Amino acid sequence: MVAHPPDDHSSTVTVTFDGKGNVEGKVNDERIVQGKYKSEGDRIELLDQTGPMACAAGQNGTYTRKVDWKKVVVTVIKDECEARVNALTTFAWTMK
């Protein structure tokens, strides 16, 4: 998924799911978070592990995602990590 933060259109944020349970977040090709994910249907669970923007240990996030053409809409179900909720639910994500 790719997005540009609403307040900084010069930055590019990417979230990459490798299909093997690993997820990585980058800003302008610099890794800011790396972790694990589980996906079932339209539901995804995220667990950050490392990186300067990683959420605190044990703060799993659960979301739904809907892909409509190339647009991705992410909706929080439960997450205590405010920064992750903000990034995933307010950025305009597209499939890359």
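Which of (1) in contact with a Cys (Cβ under 6 Å, 6 or more places away or on another chain); (2) surrounded by fewer than 17 Cβ atoms within 10 Å (Cβ to Cβ); (3) basic (Lys, Arg) is the odd one out, the single condition Arg84 does not satisfy?
Only one criterion is unmet by Arg84, namely (2).
Looking only at residues in region 1-57 that are closer than 17 Å to Val76 by Cβ and among the small types (Gly, Ala, Ser), which one is surrounded by the most Cβ atoms within 10 Å (Cβ to Cβ)?
Step by step, filter region 1-57, then rank; the result is Gly25.
Within region 36-49, is there a residue that is more than 16 Å from Thr89 (Cβ to Cβ) and without any contact (Cβ under 8 Å) to a residue 12 or more places away in the chain?
Yes, there is a match, as at least one residue in region 36-49 is more than 16 Å from Thr89 (Cβ to Cβ) and without any contact (Cβ under 8 Å) to a residue 12 or more places away in the chain.
Cβ-Cβ below 6 Å, separation at least six or inter-chain, first residue in region 67-96 and free of Cβ contacts under 8 Å to residues at least 40 places away in the same chain and under 21 Å from Gly41 (Cα atoms), second assigned to a loop (DSSP other than H, G, I, E, B) and of a type in the set (A, V, I, L, M): which pairs?
Short answer, once both residue conditions are applied: Lys70/Met95.
For Cys55, are the conditions met, namely being in contact with a Lys or Arg (Cβ under 7 Å, 6 or more places away or on another chain) and among the hydrophobic types (A, V, I, L, M, F, W, C)? Before you say what the answer is, go through the steps one by one.
Values: in contact with a Lys or Arg (Cβ under 7 Å, 6 or more places away or on another chain): yes; among the hydrophobic types (A, V, I, L, M, F, W, C): yes.
Yes, satisfied.
Say we look at region 36-59 and pick out the residues that are of a type outside the set (Asp, Glu) and closer than 10 Å to Arg84 by Cβ; which of these is farthest from the chain's Cα centre (by Cα)?
Filtering region 36-59 for residues that are of a type outside the set (Asp, Glu) and closer than 10 Å to Arg84 by Cβ, the one farthest from the chain's Cα centre (by Cα) comes out as Gln59.
Only residues that are under 18 Å from Ala83 (Cβ atoms) and within 11 Å of the chain's Cα centre (by Cα): list them for region 17-31, please.
Correct list: Val23, Glu24, Gly25, Lys26.
In the chain, which strands (runs of 3 or more DSSP E) lie fully inside it and hold 3 or more residues that are modelled with pLDDT of 95 or more and in contact with a helix residue (DSSP H, G or I) (Cβ under 7 Å, 6 or more places away or on another chain)?
Per the criteria, 71-79.
The values are calculated or read from the model by the stated rules, or taken from the named source; none is laboratory data. Computed from a prediction, not measured in an experiment: that's the story for all the values here. Don't worry about glycine lacking a Cβ; one is built from the backbone with ideal geometry, like all the others, and counts go over all protein chains shown.
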